[in-house]
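Values quoted throughout were computed directly from the atomic coordinates according to the rules given, and no laboratory measurement underlies them. Not measured: the values here are computed from a predicted model. Heads up, the Cβs are rebuilt from the backbone with ideal geometry, glycines too, and the neighbour counts pull from every protein chain shown.
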Amino acid sequence: MDTAVYRARRDHVAAALRAAGGGVAVLATAPERPRNGDNDHPYRHDSGFYYLTGFDEPGAWLLLDADGRSLMLCRPKDPEREVWDGLRLGPEAAPSVLGVDEAQPLARLDELLPQRLADQPAVWFPFAAEGLAARVAGWLDAVRARARQGVGAPAQQRDLGVLLDEMRLLKDEHELALMRRAGELGAAAHARAMQACRPGLHEHELEAELLYAFRRGGAAGPAYVPIVASGRNACVLHHQAGAAALGLQGGSAVLKAGELCLIDAGCELGSYASDITRTFPVDGRYTPAQRTLYELVLAAQEAAIAETRPGARKMDGHWAAVRVLSAGLLDLGLLDRGVHGGVDDVIAAAAYRRFFMHGTGHWLGLDVHDAGEYLALDEPPEDQPDGQGGRCTRRPSRRLQPGMVLTVEPGLYVRAAPDVDPRWWDIGIRIEDDALVTPTGCELLSRGVPVAPDEIERLMRGG
Ligand code: GLY
Ligand code: MN
Ligand code: MN
């Protein structure tokens, strides 16, 4: 393990603590989560904890002081439990393997924390971490109980989450190498599913192609529950074929010739997510109506990608996509000019939301919806569209910088309705790629699977 990467990140946190007056940072990894009976969900470490330690076992804590000294608390070696659950690193090996300065058994947490918080100006912890505030309050009480011995308790509680989230937003080279691999593997899995697709299969059978490709390629698995949605299911934003594959509610639909299939799936590789959507014809050929809407979504995505560059605001890509989609919806008659007016009116009234009701992207990294503030907190609130057809006063979205990674994912979802021409009914399309902001624009990490309709058709024909 490359311990230098994690040490550098801890040093960065320590420097930020010093700059803010000092203190001690405390964070825990994620708990194990029961699924049913005595069966747990597959274990997934906490992303912030992993970011600073590279350690993926449950039952671990990290303390970091403003001088950069780190203390890990982790599960002790236990030959009996290791027979059942696998090897544990243990505190004896943790310093040499993880590069932390000191390690202690987890059982000493409530004894050591009050000691380490004594006479510190501040305790830093992620405020959003479940149950952590109550634990910290307990340790602070224990420190205060020693006041008559001259021990001072931290006067301040500070949110470590804000600091860590800002760090995680700008990816370092170690992260980018993993994210490029996650993008490549995710894209290869999509290509595999397209090539396997044929009428008569079920949605869950295509899902199986993705899962196979992810695991075969070394991923932990999918980064989120894959969406494989054909026909009208593509208009259900979070359609899941998973439960349906077992014959439960929802239905893993049969893929039918003449329909589209939308797959939104990405892998988690080296703890980093990809998040990719492609929409392709089940029988390998887009109908004229499908191709028309597909090309409109693709044009919207291209407009958003052009705004994915340093200095542009996070929301610029969204509004560029909305403008292209709104113009297209008017041109195609999906929105009636007589009712809705021109493009600016459609945008002001958010009339496009009937067909495009989600955002155009989110930060991507250790989490599929990754950490990081979306607003420019150093700029004053301003009047702007609220995205629902009204106005609001809110800070502008922040400006993009090289090293940020975000998705670009416009879509159109046309449900059957009396005021919609039947040629558009039940067509749901989303195109989603993962973009790294570079000094000159952006690099798309997920283009190992085609996006142009002719190229998708060629791939599906076996070309
Ligand atoms: N797959 C989740 C998303 O696109 O945000
Ligand atoms: Mn996404
Ligand atoms: Mn997605």
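What list of ³J(HN,Hα) couplings, whole Hz, do you get for region 336-349 from phi and the Karplus terms 6.51, -1.76, 1.60, once you set θ to phi - 60° and write x for glycine and proline?
7, 4, x, 8, 9, x, x, 4, 5, 5, 4, 6, 4, 8
Ratio of alpha-carbon Rg to the 2.2 N^0.38 Å globular estimate for region 52-122, to two decimals, please.
Details: Rg = 13.0 Å, N = 71, 2.2 N^0.38 = 11.1 Å.
Computed over Cα atoms of region 52-122, the ratio equals 1.17.
Just to confirm the number: angle between the C-alpha axis of helix 3-19 and the first principal axis of the chain, 0 to 90 degrees, nearest 10?
Tilt relative to the chain: about 70 degrees.
What are the aspartates and glutamates whose alpha-carbon lies under 15 Å from the alpha-carbon of Lys171, with same-chain residues fewer than 8 places away excluded?
Asp367, Asp370, Glu373, Asp434, Glu443
Can you sort Ser70, Ser96, Ser271, Ser230 so the residue with the fewest Cβ neighbours within 10 Å comes first? Don't skip to the answer; put the middle values down first.
Working: Ser70 24, Ser96 10, Ser271 20, Ser230 28.
Sorted ascending by nearby Cβ count, the order is Ser96, Ser271, Ser70, Ser230.
Per residue of region 172-182, what does 6.51 cos²θ - 1.76 cosθ + 1.60 with θ = phi - 60° give for ³J(HN,Hα)? Whole Hz please, x for Gly and Pro, Karplus curve as stated.
With coefficients 6.51, -1.76 and 1.60, one gets 8, 4, 4, 5, 5, 4, 5, 5, 5, 5, 5 Hz.
With +1 on the Cβ of every Lys and Arg and -1 on the Cβ of every Asp and Glu, and nothing else charged, how large is the dipole of the chain about its Cα centre, in debye rounded to the nearest 20? The partial results should precede the final answer.
Numbers: 50 positive and 65 negative charges, 28 e Å.
Around 140 debye, computed over the chain.
Cross-link partners among aspartates and glutamates for Lys256, C-alpha distance below 15 Å, same-chain residues fewer than 8 apart left out?
Leaving aside aspartates and glutamates fewer than 8 places away in the same chain, those within reach of Lys256 are Glu203, Glu205, Asp283, Asp426.
Please sort 125-134, 17-26 by packing, taking for each peptide the average over its residues of neighbouring beta carbons within 10 angstrom, highest first.
The peptides rank, most packed first, as 17-26, 125-134.
Please work out the C-alpha center-to-center distance from region 334-359 to region 64-143 and express it in whole Å.
Cα centroid of region 334-359 versus Cα centroid of region 64-143: 53 Å apart.
Give the whole-number value, in cubic angstrom per residue, of the convex hull volume spanned by the C-alpha atoms of region 1-139.
Each residue corresponds to 118 Å³ of Cα convex hull volume.
Could you give the size of the charge dipole of region 386-463 about its Cα centre, using +1 on the Cβ of each K and R and -1 on the Cβ of each D and E, expressed in debye and rounded to the nearest 20?
On the way: 11 positive and 12 negative charges, 90 e Å.
The dipole magnitude comes to about 440 debye.
Give the aspartates and glutamates whose C-alpha is closer than 15 Å to that of Lys77, dropping any in the same chain fewer than 8 places away, or say none.
Glu57, Asp85, Glu92
As I understand it, the dipole of the chain uses +1 on the Cβ of Lys and Arg and -1 on the Cβ of Asp and Glu, about the Cα centre. Which of Val420, Trp61, Gly365 lies farthest toward its positive end?
Val420
Can you tally the net charge around Ala122? Count Lys and Arg as +1, Asp and Glu as -1, for every other residue whose Cβ sits under 13 Å from the Cβ of Ala122. Each step should come with its number before you reach the end.
Numbers: positive: Arg18, Arg116, Arg158; negative: Asp65, Asp119, Asp159.
In short, 0.
Based solely on its DSSP helices, what 222 nm [θ] is calculated for the chain when runs of n ≥ 4 H residues each add -39,500 (n - 2.57) and the sum is averaged over all residues, nearest 500 deg cm²/dmol?
-11000 deg cm²/dmol
For region 101-187, calculate the relative contact order in percent as a whole number, restricting contacts to Cα pairs under 8 Å that are 6 or more residues apart.
Across region 101-187, relative contact order equals 32 percent.
State to the nearest 20 debye the size of the charge dipole of region 309-460 about its Cα centre, where the only charges are +1 on K and R beta carbons and -1 on D and E beta carbons.
180 debye
Going by C-beta contacts inside 10 Å, put Asp367, Asp67 in order with the fewest on the left.
Lowest count first: Asp67, Asp367.
I'd like the projected area of region 84-184, averaged over all directions, using the convex hull of its alpha carbons. Report it in nm² with one decimal.
With the hull built on Cα positions only, its mean projection is 9.9 nm².
Would you mind ranking Val368, Val322 by Cβ crowding within 10 Å, fewest neighbours first?
So the ranking, lowest neighbour count to highest, is Val368, Val322.
Can you tell me the convex hull volume per residue for region 407-453, based on C-alpha atoms, in Å³ to the nearest whole number?
Numbers: hull volume 4.6 nm³, N = 47.
Hull volume normalised by residue count: 98 Å³.
If you wrap region 359-402's Cα atoms in a convex hull and average its projection over all directions, what's the area in nm²?
Here the figure is 3.9 nm², rounded to one decimal.
Based on Cα positions only, what radius of gyration and what Dmax would you give for the chain, in angstroms?
Rg, Dmax (Cα atoms, Å): 25.1, 81.
Can you tell me what percent of all Cα-Cα pairs in region 124-281 are more than 21 Å apart?
Roughly 59 percent, rounded to a whole number.
Give the percent of DSSP beta bridges with both residues in the chain that are antiparallel, rounded to the nearest 5.
Just about 80 percent of them are antiparallel.
Provide the convex hull volume over Cα atoms per residue for region 357-463, in Å³.
Each residue corresponds to 163 Å³ of Cα convex hull volume.
Nearest 10 degrees is fine. How inclined is helix 288-306 to the longest principal axis of the chain, computing both from alpha carbons?
Between the helix axis and the principal axis of the chain, the angle is about 40 degrees.
So what's the net charge close to Val151: Lys and Arg +1, Asp and Glu -1, counting the other residues with Cβ under 9 Å from its Cβ?
+2
Packing-wise, with mean Cβ within 10 Å as the measure, how do 194-201, 253-260 rank, highest first?
Highest to lowest by the protection proxy: 253-260, 194-201.
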